[in-house]
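Right, one structure below, let's go through it.
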Amino acid sequence: MDWKRKVGRVGVLTGAGISTDSGIPDYRGANGVWTTDPEAVGAFTLDRFLSSADARARLWSSYLGHAAWRAEPNSAHRALARLSRSGVATRVLTQNVDGLHQRAGVPAGKVLELHGTMRDTTCTACGDTTPTEQVLARDESDPACPKCGGILKPAVVLFGQHLDETVLGQAQIIAGASEVFLAVGTTLQVEPVASLCEIAVRAGADLVIVNRDPTPYDDVASAVIREPIGTALDWICDALAGHQSAAPAKDVPVGE
């Protein structure tokens, strides 16, 4: 069956690649954060963050000037928002922490932030939550919780930190219930999130990967699309909503 058809349920897994057109660098690409500065990973490791004031200062410094504070949703975010309004049951499972899916118009209840959000900050001692922008406005290199004096951490999942089991469980259910499962702008190298693709395929979904570079799941995908993400999602979302005329003239490359 042609996957480019009107469907009832779509799951979408998004990674850093969907936000690069908004000016937010990815992590593992040629000019990615970890590629250009491998030592930066240390500041994003939970154990080091909790034990080292220097690591915390480096992380907070990176958040102070993070491009996501100035970024706007791009055409790919808007295409997914359009799909969510089309009557197709659309759920976005994102590895990103920038909040751009919600700002593009996908209802917050239809977005699962697998790696948390940079827009909130949580005290590691008492659990109090504060908007990150308020914490940054204090202009402190290692801000402490104003209520208990504990260490403050952006509400993102750091290396060495487990994903929220409830959120991951919901994502697995969505993957297993999808008719088409899109994996967009993600290298699919980080588990257990990448295995959502396997769950979807085993349940009978068409897996469609939209990514610049090869991924470990290309061989089990119904289609692998290398064209720019914004261009691809524009016609993919229209096709899944039943607007067949939006599909490209030539067939989608599979396994390239």
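Using just its DSSP H runs of length 4 or more, each adding -39500 (n - 2.57), the chain gives a mean residue ellipticity at 222 nm of -8000 deg cm²/dmol after division by all residues. In plain terms, the C-alpha convex hull of the range 99-256 casts an average shadow of 11.4 nm² when viewed from every direction. A DSSP coil position with no more than 12 other Cβ atoms inside 10 Å describes the following GluC sites (Glu not before Pro) in the range 90-161: Glu140. Based on every Cα atom in the range 140-201, Rg and the maximum pairwise Cα distance Dmax equal 16.5, 48 Å.
For the chain, set up a GNM with springs between Cα atoms under 10 Å and report which of Gln102, Gln172, Gln189 has the largest fluctuation. Looking only at Gln102, Gln172, Gln189, the largest GNM fluctuation is found for Gln189.
Taking the inverse of the mean reciprocal distance over all distinct Cα pairs, the Kirkwood hydrodynamic radius of the range 156-240 comes to 13.6 Å.
Within the accessible area of the chain, the carbon and sulfur atoms contribute 50%, probe 1.4 Å, all protein chains present.
The values are calculated or read from the model by the stated rules, or taken from the named source; none is laboratory data. What you see is a predicted model, and the numbers here were worked out from it, not measured in a lab. Glycine gets a Cβ as well: all are built from the backbone with ideal geometry, and neighbour counts include every protein chain shown. Heads up: the accessible areas ignore ligands, DNA and RNA and are worked out on the full protein's heavy atoms, side chains in. Shrake-Rupley method; radii C 1.70, N 1.55, O 1.52, S 1.80 Å.
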